[in-house]
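Novice: Have a look at this one.
The values are calculated or read from the model by the stated rules, or taken from the named source; none is laboratory data. Quantities reported herein were computed from a predicted structural model and do not represent experimental measurements. Don't worry about glycine lacking a Cβ; one is built from the backbone with ideal geometry, like all the others, and counts go over all protein chains shown.
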């Protein structure tokens, strides 16, 4: 067939075949149209098809003709991709080199951007998922900030995992993983509730031995029951409010059946009858924890039928597997109650291991009442924890009472309990009866009416704690309250101990602390205890002395340990006959130890001596700041006296070391030894001893008094002997004669003849000649090197 033969039509449009009768050399089939015979479609001998392009680069290349046509993008290219077993569709925007792919391989289907552009997935012409060119995925997020950024919730409708795996983290081994598993509990609870199960698993790898270790935490039945869901309103702050008692008790009952938590949002809840949290009729493994949203914002306002009714009741003969308690709320009378001092905040009768934290309890008869009223063998109140409790203006803040055979209040902990006591007949902590032992407590007590801080009618022993008070108060009772700890009160306060049986054993602790100022007064008016300390040694209960924290005009300065009435036992620091006001000139005190531990202060106006093994003045500190070693009268900042021995020894055990002299904080002189190369000087080598004047001049002086400088070294390196002004540029300047018992050798001075070189002698060589020259002046301002001797060889 001839070249470019038309095989369909000789007019326009037409199908045209070009052939040169040689296989593989440009044979093609084209479809053209128009007078200009514009090519529309081309099929090449290599099988590539071009639509709108004479140069197809893919199996099928479709190219638009530009903005004159209605196209989705300007100058697009659409190609069929078929290579290396992968087949797909490629769409390319040539002017921005943006390329998208839809490819099917042997094992995968690939949808994506082949160039450094983002991939968007849309519905209803709105972007739903965005994958950025750097691999970040956003769901409902236009600019994802993280590997996965989701705007909205993530829902798992069946058992599922949320995995977080860390690989190649710098400084940590690979194969680290955190996994959260969520599953629905298919077992219906006794009250008809379903609850999710949550399991957290973390996996780590040991970088030394390569072993993996997995830890799993099961958080089952996260049973939080909101009282609002049971009909509570929390509108007790309004004039007309709802009684929330029934809603609370319903929530408590459901929580007990599911070992759950009763959640109480902020609000004021009116309660008109006792809320029984745990009682005898409950299952032995019943649990219930009542948690408020906010300690001051969640308020239980009570208006009970009887003045001795409790707000929350806890009675249980067994504690196996229980989590019981109240946290993070306030309890007080309802606002309409004028007569305060009614009701009981927390009533425990046979509860163990209860948890009570972050509570405000105000204006009640008893804030907390531990009552052992059960028959012998029933469970008593023990090992309960009360932490961060504020007891405000209650008749009794905390009360412990035995009214039946079981007298044990073992292991109860009262930590960070604050008592505000507003009436003289009120009591902070009242131990009525029974034995309180192996417990812990820390009480802060404040009052404005000389109330009873502590009334000890029972038997308290083997406890550890502290009592801090502010305001005059009393400690009373006919029992005993013994503990290891301290009693601390303000300098101006008086704590009166009223021992009603006169056995002098009512209160005993390790130490009494009280602050006392320069002008202060006050003290501990426990005369029998001070006078007869021995009576507090019964069964090992005693206090070892009285610590008085003394201040000087309001700032804490020191501590003095004294013992009562010169009994002869204890550590004496100065005067020990009771408490005294201290000032810096008080002659009765010899020495004080600062409360911060950073000062030992002597009141001797001469000085302080340290003696060892009957040797006097081994170390002596004078009042003017001079220190003497072996000398009681040093007249310099440090004076060391000795004979026939090394006076001062600085032993460098390894490496290098130095003795440095500073002036106004700046290092001036260093005498150093270098066991290895060290920068005492640029030329310092191992084994050298260096004297370094740091950025200043060095004088070596002989004589006494205002003596003369024998050797002077400038900071610029010039050395003067007999002069402190060596000529600049001269390494050595001697003011006087020089005598050498050996020879003096000179070298070549290549400097030009000048006034500074007059008199200089040099030796030089050139070829087979050697010269000795001297620099001389031969006129005003004229100098030259004059040859003295020339030799040749």
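Novice: Among the residues of region 270-302, write down those that are buried (at least 24 other Cβ atoms within 10 Å of the Cβ), without any contact (Cβ under 8 Å) to a residue 60 or more places away in the chain and more than 15 Å from residue 332 (Cβ to Cβ).
Specialist: Selection gives 277, 288, 290.
Novice: Looking at region 762-774, is at least one residue assigned to a loop (DSSP other than H, G, I, E, B) and outside the structural domain of residue 701 (by TED's automatic domain parsing)? First the steps, then the outcome.
Specialist: If we filter region 762-774 for residues that are assigned to a loop (DSSP other than H, G, I, E, B), which is where we start, we get 767-768.
Keeping just the survivors that are outside the structural domain of residue 701 (by TED's automatic domain parsing) gives 767-768.
Checked region 762-774: at least one residue is assigned to a loop (DSSP other than H, G, I, E, B) and outside the structural domain of residue 701 (by TED's automatic domain parsing).
Novice: Additional query: As an exercise: evaluate residue 290 against (1) more than 35 Å from the chain's Cα centre (by Cα); (2) not in a loop (DSSP other than H, G, I, E, B) and give the number of the one condition it does not meet.
Specialist: Failing condition for residue 290: (1).
Novice: Let me ask something else. Report the residue count in region 133-162 for those that are within 25 Å of residue 116 (Cα to Cα), surrounded by 14 or more Cβ atoms within 10 Å (Cβ to Cβ) and either out of contact with any strand residue (DSSP E or B) (no Cβ under 9 Å at 6 or more places or on another chain) or at pLDDT below 85 (or both).
Specialist: The total comes to 0.
Novice: Based on this model, can you work out whether residue 129 counts as more than 38 Å from the chain's Cα centre (by Cα), part of a strand (DSSP E or B) and within 18 Å of residue 57 (Cα to Cα)?
Specialist: It is false that residue 129 is more than 38 Å from the chain's Cα centre (by Cα), part of a strand (DSSP E or B) and within 18 Å of residue 57 (Cα to Cα).
Novice: On the given criteria, is residue 715 surrounded by 11 or more Cβ atoms within 10 Å (Cβ to Cβ) and over 30 Å from residue 776 (Cα atoms)? Quick ask: steps written out before the conclusion?
Specialist: Values: surrounded by 11 or more Cβ atoms within 10 Å (Cβ to Cβ): yes; over 30 Å from residue 776 (Cα atoms): yes.
Yes; evaluated as a whole, the condition is true for this residue.
Novice: List the residue pairs whose Cβ atoms are under 7 Å apart, where the first residue sits in region 99-118 and is in a loop (DSSP other than H, G, I, E, B), the second is surrounded by fewer than 12 Cβ atoms within 10 Å (Cβ to Cβ), and the two are 6 or more positions apart or on different chains.
Specialist: That search, which allows pairs on different chains as well, returns 105/85; 106/85; 115/97; 116/133; 117/133; 118/133.
Novice: Please work out which one of (1) buried (at least 20 other Cβ atoms within 10 Å of the Cβ); (2) within 38 Å of the chain's Cα centre (by Cα) is the condition residue 468 fails and give its number.
Specialist: Checking residue 468 against (1) buried (at least 20 other Cβ atoms within 10 Å of the Cβ); (2) within 38 Å of the chain's Cα centre (by Cα), the one that fails is (1).
Novice: Considering 747, 717, which residue is assigned to a loop (DSSP other than H, G, I, E, B), at positive phi and free of Cβ contacts under 8 Å to residues at least 40 places away in the same chain? Show your work before the answer.
Specialist: Values: 747 fails: at positive phi.
Checking each option against the conditions leaves just 717.
Novice: Quick one: which strands (runs of 3 or more DSSP E) sit completely within region 180-269 and have at least 1 residues that are modelled with pLDDT of 80 or more and surrounded by fewer than 16 Cβ atoms within 10 Å (Cβ to Cβ)?
Specialist: In region 180-269, the matching strands (runs of 3 or more DSSP E) lie at 224-226.
Novice: Looking for something in the same structural domain as residue 388 (by TED's automatic domain parsing), assigned to a strand (DSSP E or B), within 35 Å of the chain's Cα centre (by Cα) and at pLDDT 95 or above - is there at least one such residue anywhere in region 294-303?
Specialist: yes
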